[in-house]
1. If the requirement is being within 21 Å of residue 14 (Cα to Cα) and either without any contact (Cβ under 8 Å) to a residue 60 or more places away in the chain or in contact with a strand residue (DSSP E or B) (Cβ under 8 Å, 6 or more places away or on another chain) (or both), which of these qualifies: 122, 166, 182, 133?
2. From the residues in the stretch 241-257 that are modelled with pLDDT under 95 and assigned to a loop (DSSP other than H, G, I, E, B), which one is surrounded by the fewest Cβ atoms within 10 Å (Cβ to Cβ)?
3. Tally up the residues in the stretch 310-360 that are under 15 Å from the mean Cα position of the chain (by Cα), assigned to a helix (DSSP H, G or I) and without any contact (Cβ under 8 Å) to a residue 24 or more places away in the chain, please.
4. Can you report the number of residues in the stretch 268-309 which are touching a strand residue (DSSP E or B) at 6+ places or on another chain (Cβ under 8 Å) and not in a helix (DSSP H, G or I)?
5. At least 3 residues that are in the same structural domain as residue 172 (by TED's automatic domain parsing) and either loosely packed, with under 15 Cβ neighbours inside 10 Å or more than 18 Å from the chain's Cα centre (by Cα) (or both) in each: list the strands (runs of 3 or more DSSP E) lying fully within the stretch 26-109 that qualify.
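The values are calculated or read from the model by the stated rules, or taken from the named source; none is laboratory data. On a predicted model such as this, the values are computed, not experimentally measured, just so you know. FYI the Cβ positions are ideal-geometry reconstructions off the backbone, even for glycines, and counts take in every protein chain you see.
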């Protein structure tokens, strides 16, 4: 019976918690089916969700700090040597488990290893990275924007962006050539979405696209929360003031947490904070409650406002509960995601590099005082309630594997 079951290999590039979390959610969606489900990832986040019922295979991923530093500097996230090592690990894994389908979340090397082994490959990605997305690309916080300012920096970035995207695409193209595969061209977005099938972890109402290829489809948001115990203070949270959930995740600017806590401590709110284990906070004000990790679904459901790094994992979890968001954004992925939310009037984007105590305080006050943000978030919640990404994913796998 074991050998008769189709094997689905799900691979997470664990440079951030979001990629691991989405793969964990997708793997659970398949457990009730007649598949052998295998998850491969660097084990750095496994303690937060061990995904019972799946076979886990550890693989190597660059340190998250190295990934974050490359983002901050605007440099390519991977060099060709790193991707070559990834391909070697991928191939060894594929040869060992013999998958019938591979699903990857930001494991760019699978665009080499999967076709080399002739295994169908589906890439999970946010739709704002699609070449078909109707988006404008904001300049992220980069060293040169501290000199030019944002307005001039955006003009300069618009001019050099095609060259920058080509530079970021070069390492994967080099690795493909080394393995006898055709390069993907000079557009970074093609390296992020190149697969036999591209699955968007979004709803089309949030990210508009045009002329999508037939092998691209929207799954809907892939919601995930840590499988960690609740802190001792959870059942004793004051209920007489609005609750604000503050989390900057694994890829946010953790150095902003003390400032944000100081701001929120002076407002008529109760604040629950998840630090992702990145900072130690001492002498907390009486309205601040802190844990390393909190289940995002429960924390968001209890809150009137979520303040996050603006990434899709935390913002979709908030919106799934009808809660508006403030994004303290620094990289382009976060900015693209929050711009989509702002377009639907359910959030406010603040630049992590430029946010001040006054600006954050005004944004929190505005969002809690004006009901329009909560109303817009509720409208998005209703959209999301009509989207079952787990069901769509099961249907996709069944379609591909018969």
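1. 122
2. Top of the filtered list is 253.
3. Of the residues in that region, 0 qualify.
4. Total meeting the criteria: 26.
5. Per the criteria, 35-41, 55-58.
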